[in-house]
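The values are calculated or read from the model by the stated rules, or taken from the named source; none is laboratory data. Fair warning: this is a prediction, and the values are worked out from it, not measured in the lab. Reconstructed Cβ throughout: ideal geometry from the backbone, glycine too, with neighbour counts over all protein chains shown. When the accessible area is computed, the model is the full protein with side chains, heavy atoms only, and any ligands, DNA or RNA have been set aside. Shrake-Rupley method; radii C 1.70, N 1.55, O 1.52, S 1.80 Å.
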Amino acid sequence: MTEGVNPAPLPRHVGIIMDGNGRWARAHGLPREEGHERGSDSVRTVVRAARRIGVPALTLFAFSSQNWDRPPEEVFRLMELLRRFLIQERSEILDNGIRLITVGDTERLPPHVREPLVELMAASAHNEGMVLCLALSYGGREMIAKACREMCQAAQAGTLDPSEVSVETVESYLPSSKLLPQLDLLIRTSGEHRISNFFLWETAYAELYFTEKMWPEFTEEDLVSALHDFAQRERRFGRTSDQLEDEVLPAGRSVAGMD
Ligand code: IPE
Ligand code: IPE
Ligand code: MG
């Protein structure tokens, strides 16, 4: 790093919509499950790279509320892969100071997945290296609906004044706000330009990065490219460029380790 030059700002929290496993498999004449298999190799690579670079928090959209509607054999296969990931990556997660958390309706996961998940979350709870959040059985609209439900219940119980409900109040009912830093960068692979019910509230001011690469093809270099792209963006949060020069806006930590 050149002395006196600020290193590129690093996002505090990166979210990834890991898409394209099925299309990758089809393009290679393989069954969809082979795509998911290769996709879980990309998960390993990206978690390792994010940790090395110093990204404080990484959320991987691994299974959406809507993915339960896929053919039962595919859901079964995805659950098996998730279980295997939790067992095989346990020591690497613990050795590298990674704290594993989840967002989503994890009660819906089968017990053979929930057990290693709960165990690893507890075992890694005091780690401070990087937060790895798995979005499992996760839907952004479902999360917002749940927050609304809980706010209505609190209002009914007299512990929340409806006229006082603010952005901060809503955030206090969203698990992502309690567990994770602000989402700064959202990456989606596979060339699709949509959010697919991921972090709806959280993407309000996130920078969006789309790549044509299918998830099984996504490498450490692709992550670094996305981080470099992020570092070039001017985040105005509704203000003008001129204002930014006079103000310090909420920005991520600066780390040079991604070169
Ligand atoms: C992402 O790949 C994995 C999950 C959604 C669980 P897909 O399975 O959606 O792959 P495509 O989009 O069909 O190619
Ligand atoms: C989004 O991908 C969900 C995950 C990556 C877990 P999908 O493949 O389910 O999204 P759509 O169907 O293309 O919108
Ligand atoms: Mg898909």
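Just a few scattered comments:
- Here VAL103 fulfils each of the conditions (1) surrounded by fewer than 13 Cβ atoms within 10 Å (Cβ to Cβ); (2) touching a strand residue (DSSP E or B) at 6+ places or on another chain (Cβ under 9 Å); (3) under 22 Å from THR45 (Cα atoms) apart from (1).
- Restricting the first member to segment 7-26 and to residues that are of a type outside the set (S, T, N, Q), and the second to residues that are near ligand 2 (Cβ under 8 Å from one of its atoms) and open to solvent by 30 Å² or more (accessible area, probe 1.4 Å), the beta-carbon pairs closer than 9 Å and six or more apart or on different chains are ILE17/GLU192; ILE17/ARG194; ILE17/SER196; MET18/ALA62; ASP19/GLU192; ASP19/SER196; GLY20/GLU192.
- In segment 195-211, the residues that are closer than 15 Å to ARG23 by Cβ and near ligand 2 (Cβ under 10 Å from one of its atoms): SER196
- Condition met for ARG108 (surrounded by fewer than 18 Cβ atoms within 10 Å (Cβ to Cβ) and within 16 Å of ligand 2 (Cβ to nearest atom)): yes
- Consider segment 206-224 and keep the residues that are of a type in the set (Phe, Trp, Tyr) and under 15 Å from the mean Cα position of the chain (by Cα). The one that is farthest from PHE237 (Cα to Cα) is TRP215.
- Within segment 195-217, residues that are of a type in the set (Val, Ile, Thr) reach partners that are open to solvent by 50 Å² or more (accessible area, probe 1.4 Å) and away from ligand 2 (no atom under 14 Å from the Cβ) with beta carbons closer than 9 Å, at six or more positions or on different chains, in the pairs ILE195/LEU208; THR211/SER225.
- Being over 24 Å from PRO181 (Cβ atoms) and either assigned to a strand (DSSP E or B) or not small (Gly, Ala, Ser) (or both) is not true of GLU92.
- Test: residue in segment 97-106 that is farther than 18 Å from GLU212 by Cα and within 16 Å of ligand 3 (Cβ to nearest atom): no
To keep it simple, each residue is scored yes or no on (1) of a type in the set (A, V, I, L, M); (2) within 16 Å of ligand 3 (Cβ to nearest atom).
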residue: LEU186; (1), (2): yes, yes
residue: GLY191; (1), (2): no, yes
residue: ILE195; (1), (2): yes, yes
residue: PHE198; (1), (2): no, yes
residue: ALA206; (1), (2): yes, no
residue: GLU212; (1), (2): no, yes
residue: THR219; (1), (2): no, no
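- Residue within segment 124-138 that is of a type outside the set (Phe, Trp, Tyr), in a helix (DSSP H, G or I) and open to solvent by less than 60 Å² (accessible area, probe 1.4 Å) present: no
- Test for LEU78: is it touching a residue at least 60 places away in the same chain (Cβ under 8 Å) and either closer than 29 Å to GLN182 by Cα or within 16 Å of ligand 2 (Cβ to nearest atom) (or both): no
- Odd one out for LEU183 among (1) more than 22 Å from SER40 (Cα to Cα); (2) without any contact (Cβ under 8 Å) to a residue 40 or more places away in the chain: (2)
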